[in-house]
Each structure stands twice: as C-alpha cells, then as structure tokens.
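Written below as structure tokens is the structure these notes are about.
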Amino acid sequence: MSESSLKARNNAAFDLTYHLVLVTKWRRKALNPAMLGRFGIIAASTLEDWRCELVEHGGEADHVHVLFRGHPAMDLSRLVNNLKTVTSRLLRKEFASELSQFYWKPVLWHGAYYIGSVGHASMDTVRK
C-alpha cells in the first residue's frame, strides 16, 4: 500500500480504488474522442462532489472505463447512478447533434454497469 494513496477520514484509514464500466444504450458506437474527453471532465467533477478522486478514464465508441478512489462511507450504487445521470444529461446537451443520430429518446447509458475493486492496479493492468 503506497502512502500517497492511503486516505484518512475520521477514525478510518483506507485505500479503496474502483473500476467502473458504463456501456452505451443498445451498445451503439455513439461516443467520439471529444465526448470521451468531456466525459472525463464531468466525471472528475461529479466524483469530487462525492469526495472521491478520478484516477484515470478511457473508453471506446460504445463504453467508458473509470478508475476512481472512494471512501468507505459512500453508497456505490447511488454514486454510479448519479454519475450516469449527470454525464448522460450533459453529454446529450453538449453533443445533441452527434447523439441524435443514435438516440431519439433522452438516453445514453445502458441500465446495467460493472464495478469492481482493483487495489493498486493501473488502467493498463485492468485492461489486461
């Protein structure tokens, strides 16, 4: 456990890193590089609101990966649902013309998601 990733809050010391994968609705290849970059900015801000830290993010046209550090008191399902809601709303607003060719309803993400704890793994390790 590296000292730089060890966090302390109240009476607890912790090092919790999570890997989150969000998939586009109907697995449509709707995301372009500009959207992926903007997703990272929105995700970092939203995670900060939850007292979490974006470590790294990436993705392809039909999914995104988010590596983030969290704390033991957070409600993971609420955090993920908030992250999906905020990123969907803002990306659909900012990239309306690009996304309208894929979605005629106000959707972006599939209802399901993957989240797992990864310890000290980097995004390259997680990819492998």
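The values are calculated or read from the model by the stated rules, or taken from the named source; none is laboratory data. Here the structure is a predicted model, which means the values were calculated and not measured. Using ideal geometry, Cβ is built from the backbone for each residue, glycine included, and neighbour counts are taken over all protein chains shown. Just the protein is used for accessible areas: all its heavy atoms, side chains included, with ligands, DNA and RNA removed. Shrake-Rupley method; radii C 1.70, N 1.55, O 1.52, S 1.80 Å.
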Dipole-positive endmost among A73, L91, I115 within the chain (Cβ charges, Cα centre):
L91
Which three extents, in whole angstrom, do the alpha-carbon atoms of the chain cover along their principal axes, largest first?
49, 30, 23
With angles folded into 0 to 90 degrees, how steeply does helix 33-49 sit against the dominant principal axis of the chain? Use alpha carbons for both and round to 10.
40
How large is ³J(HN,Hα), in whole Hz, for each residue of the stretch 85-97 in order, when computed from phi with the Karplus curve 6.51 cos²θ - 1.76 cosθ + 1.60 and θ = phi - 60°, using x for Gly and Pro?
5, 5, 5, 4, 4, 6, 5, 5, 6, 7, 10, 4, 5
Tell me which residues come under 5 Å, amide H to amide H, from H110 once H is placed; ignore anything under 5 positions away on its chain.
V23, T24, K25
Given charges at beta-carbon only (K, R positive; D, E negative), |dipole| of the chain in Debye
520
About the Cα centre, charge dipole magnitude for the stretch 63-113 (Lys/Arg +1, Asp/Glu -1 at Cβ), debye
100
Note, the stretch 21-31: 3J(HN,Hα) by Karplus (6.51, -1.76, 1.60, θ = phi - 60°), whole Hz, Gly/Pro = x, goes 10, 10, 10, 5, 4, 6, 6, 5, 7, 9, 8
Whenever you get a sec, line up D62, D15, D124 from highest to lowest accessible area (probe 1.4 Å, protein heavy atoms).
D124, D15, D62
